[in-house]
1. Look through Gly506, Gly519 and report the one residue that is over 26 Å from His468 (Cα atoms) and at pLDDT below 95.
2. Taking only pairs six or more apart or across chains, which ones have beta-carbon atoms under 6 Å, a first residue in the stretch 33-57 that is at pLDDT 95 or above, and a second residue that is aromatic (Phe, Trp, Tyr)?
3. Tally up the residues in the stretch 259-298 that are crowded, with 22+ Cβ neighbours inside 10 Å and assigned to a helix (DSSP H, G or I), please.
4. Right, Gly391: more than 28 Å from Ala496 (Cα to Cα) and in contact (Cβ under 8 Å) with a residue 24 or more places away in the chain or not?
5. In the set Ala478, Ala455, Ala487, which member is over 24 Å from Leu150 (Cα atoms), hydrophobic (A, V, I, L, M, F, W, C), modelled with pLDDT of 95 or more and assigned to a helix (DSSP H, G or I)?
6. How many residues does the stretch 31-52 hold that are closer than 14 Å to His98 by Cα, more than 6 Å from the ligand (Cβ to nearest atom) and not charged (D, E, K, R)?
7. Quick check: anything in the stretch 250-272 touching a Cys at 6+ places or on another chain (Cβ under 8 Å), of a type in the set (S, T, N, Q) and closer than 20 Å to Val515 by Cα?
8. It is to be established whether one or more residues within the stretch 53-69 are open to solvent by 30 Å² or more (accessible area, probe 1.4 Å) and among the small types (Gly, Ala, Ser).
Amino acid sequence: MTPRGAQPGATADVDVAVVGAGFAGLYMLYRLRELGLRVRVFERGTDVGGTWFWNRYPGARCDIESVDYCYSFSGELLAEWVWTERYATQPEILRYLHHVADRFSLRRDIQLGTRVTSMRYDEPGNRWLVSTDAGEVLSARHCVLAVGNLSSAKRPDFAGLDSFRGDWYHTSRWPAAGVDFGGKRVGIVGTGSTAIQALPQIAKQADDVYVFQRTPNYSMPARNRPLPRDELHAVLRGYPERRRAAEQSDSGVPVAPPERSALEVTAEERRRMYEAGWQRGGINALSYAFTDFFTDERANRTAQDFAREKIRQIVHDPAVAEALCPAHHIGTKRTCVDIGYFETYNRANVHLVDVRSAPITGITPGGLTTTAGEYGLDAIVFAIGFDAITGALLEIDVRGRNGLSLAEKWSGGPRTYAGLSVAGFPNLFMITGPGSPSVLSNMVVSIEQHVDWIADCLSHLADAGLDHIEASPGAEDAWGRHVSELADATLYPRAASWYVGANIPGKPRVFMPYVAGCGNYRQECEQIVERGYEGFVLGRER
Ligand SMILES: Cc1cc2nc3c(=O)[nH]c(=O)nc-3n(C[C@H](O)[C@H](O)[C@H](O)COP(=O)(O)OP(=O)(O)OC[C@H]3O[C@@H](n4cnc5c(N)ncnc54)[C@H](O)[C@@H]3O)c2cc1C
């Protein structure tokens, strides 16, 4: 299919090519337009919205509060949009992003249904040649990869899947019309954030649900509720301060940082703090109680014990409760947020299957087999996650100076300068790339910061009559060491998580995000600019 406006083989010129039209790509387009630049955005989905276009599974919603998981760049947008729940559902977030695209007339520069397949830096011309699956080639001075950290869905590669007589679904490629599981025996493969959101909804419809669990995860109660208008208005009245607090915080949400170690208070005080967090709910329910949650094994264990105790209290069958109790350091794999996840295991139609002790061997025409036997199924839901952080970047054949491919350069793990830029790949930026807080933060706060940094940088280049910016190899190496040292001072790298690529066979095990928090990271980015784009080489080539 040739999308409207695209001519196979034609070469068009723009100032900036942006890949992706989720939260990041939309705001990037808005800022670049403000600078008077000619921009083309490519999006492989048939509409804008990114994560919220693709992930339509039952129960999908944000786990950062709606009033924080949104843009702050426009006071009018903030004032006119009405969030209706503490945690917005996928349809509500998608409506919001459609509204943003329409309100700021963004759609006319977005080419939907178009996948960028390769990007080649043309050194003599100091331009990028961007090729798409529509056969088009675009020439751009600068490129911005807004491809998403969690947009490259892992494919189910189970033997025999083709033979399955029932229907199967990947949660991040969910049919827009929805799925009716009424009267069906459904298998859910995976117990990460997505399955934890989807199970309670699917269990209400299906006759029987079999949850195939390899690794149990910690999940905090969402305590979701409707958001009354007066509460929303009160939030908006103090919004600039609220957002500033989020921007300066560790995880991009306006929560006061903890002040005490978990080990310096009595057991009663610890319990009181954890219980208060549990009752408040949300992703930081336990992690914001004490300073050493992420850094001290003994402190972390106190929170683990509390979370496991809650699971044992909620789940009636002691054997099922025990199987649902995670063993890893809490927080070192993404903490989930749920609405009735553990409670759902008290339903007679929900069955937990431990595939750690009896691994999945394949799919048959009638169901799924493990080393312990066969489970008859009419439908299978794969909630198996993503090739996180680097997956979507490496799906594009990106070639910088001397034809060096990004895949080659990153064969031992991703290397970036400040998570924004890669040495040898001039005029190319990433949004929330490896080496930035990315998935450890409220992503919209991080996205706004990156987009603003990139837009200000391009504005600076234009004002100075320059057309070239490139990270220096030395700055990139130093940043890589800095990010690793920060991570090594925490418990994070000890878990076999998707933060280190452990869910993708053969992926280099490198802890990818910057752990020192949004506020510190923002300061580091600001210092780079204050010091004359320290670590970058700026120049004029054409
Ligand atoms: C189910 C789910 C729930 C989440 N909940 C939260 C949350 O509560 N809080 C939070 O902070 N984060 C959450 N996230 C992370 C979420 O991805 C980010 O918050 C945010 O939506 C990312 O926006 P983005 O624009 O960077 O990327 P995306 O929204 O992923 O958009 C990237 C877009 O780029 C397109 N693209 C990629 N490669 C190409 C290509 N080669 N050619 C053309 N187009 C391409 C993709 O199709 C996609 O539409 C969640 C993620 C998932 C999957």
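1. Exactly one of Gly506, Gly519 is over 26 Å from His468 (Cα atoms) and at pLDDT below 95, namely Gly506.
2. Final answer for the pair search is Gly45/Phe53; Asp47/Phe53; Arg56/Trp174; Tyr57/Trp174.
3. Of the residues in that region, 1 qualify.
4. no
5. Ala478
6. Total satisfying the criteria: 4.
7. Yes.
8. No: zero hits.
The values are calculated or read from the model by the stated rules, or taken from the named source; none is laboratory data. Bear in mind the structure is a predicted one, so any value in this text is a computation, not a measurement. Cβ atoms come from the backbone with ideal geometry, glycine included; neighbour counts cover every protein chain shown. Surface areas here come from the heavy atoms of the whole protein model, side chains and all, with no ligands, DNA or RNA. Shrake-Rupley method; radii C 1.70, N 1.55, O 1.52, S 1.80 Å.
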